[in-house]
Number of protein chains: 2
Amino acid sequence: MTQLARTPKDIGHAIREARKAKGFTQKELAARSGVWQETISKIENGVASTKLETLFDLFAALDLEIQVQPRSKGSQSGLEDIF
Amino acid sequence: MTQLARTPKDIGHAIREARKAKGFTQKELAARSGVWQETISKIENGVASTKLETLFDLFAALDLEIQVQPRSKGSQSGLEDIF
DNA sequence: CTGGTTTATGATGCGGAGGCCATAATGGCG
DNA sequence: CGCCATTATGGCCTCCGCATCATAAACCAG
């Protein structure tokens, strides 16, 4: 369960997945992360380019972390190739 | 060469590393990414919470990508344990 | 030390992210 | 089908990230 991400939308997906996996509602996650439910909704749907700060708040609440790595293999998870 | 990140500062470091590794100056990276040199400086130093959009612009120019994963092993790269 | 490149700092102005409230749309479930 | 929980929209307002220009500080040859 590790998600590759190259766009804000990818991040949104990853967050939604993780949240569901943990059985949280947006409201619950909001409470745990200090980020508002409305904002979470937007982020999960890729609306608006989130601030890193907010992102990490969510990651902390979901017990996620990020790994920065070279784009070795071209789009191996076979989803987006938008540009 | 894959960097773990849990804070904006971590991201900044990763970017600086990657940039240096490619032998770019901030100015060059600025030209390639469309992000201003001054902004890159701030990001690399962890000043200000960057927008995801900007981040991905830089990642694209540096040929980097992100991986979202559970915080399995407790701080294995031995740097931050701030909270 | 001196000059040139690279990086950092500072100020201004605009646009957009997110806090916040209200409400609409959606989705089970009995 | 109505009812309640969950999620999505929209508006308002404040704050701050980034573009942009100018300049200072730090580095690094030579």
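The values are calculated or read from the model by the stated rules, or taken from the named source; none is laboratory data. Since the model is a prediction, treat every value here as computed from it, not as a measurement. Every residue, glycine among them, receives a Cβ derived from its backbone with ideal geometry; neighbour counts consider all protein chains shown. The area values use the complete protein model at the heavy-atom level, side chains included, leaving out ligands, DNA and RNA. Shrake-Rupley method; radii C 1.70, N 1.55, O 1.52, S 1.80 Å.
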Quick check: anything in the range A:22-39 within 11 Å of chain B (Cβ to nearest Cβ) and either in contact with a strand residue (DSSP E or B) (Cβ under 9 Å, 6 or more places away or on another chain) or in contact (Cβ under 8 Å) with a residue 40 or more places away in the chain (or both)?
-> yes
Hey, A:Lys42 farther than 25 Å from B:Glu44 by Cα and assigned to a helix (DSSP H, G or I) or not | yes
For the subset of the range B:1-26 comprising residues that are open to solvent by 40 Å² or more (accessible area, probe 1.4 Å) and of a type in the set (A, V, I, L, M), which member is farthest from DNA strand D (Cβ to nearest atom)?
-> B:Met1
Inter-residue pairs, beta-carbon under 6 Å, first at pLDDT below 95 and in the range A:55-77, second open to solvent by less than 60 Å² (accessible area, probe 1.4 Å) and acidic (Asp, Glu), 6+ apart | A:Arg71/B:Glu65
Taking the range B:27-45 and keeping only residues that are under 12 Å from the mean Cα position of the chain (by Cα) and surrounded by fewer than 17 Cβ atoms within 10 Å (Cβ to Cβ), one is left with B:Ser41, B:Lys42, B:Asn45
Name every residue in the range B:12-21 that is over 10 Å from the mean Cα position of the chain (by Cα) and more than 11 Å from DNA strand C (Cβ to nearest atom), in order of residue number.
-> B:Ala21
Here is a list of conditions, (1) in contact with an Asp or Glu (Cβ under 9 Å, 6 or more places away or on another chain); (2) more than 8 Å from DNA strand D (Cβ to nearest atom), and A:Ala31 meets all of them except one; can you say which number that is?
-> (1)
Name the pairs whose Cβ atoms lie under 6 Å apart, with the first residue in the range B:1-14 and within 19 Å of B:Ser41 (Cβ to Cβ) and more than 7 Å from chain A (Cβ to nearest Cβ), the second at pLDDT 95 or above and crowded, with 18+ Cβ neighbours inside 10 Å, and 6 or more positions between them or separate chains?
-> B:Gly12/B:Ile43; B:Gly12/B:Glu44
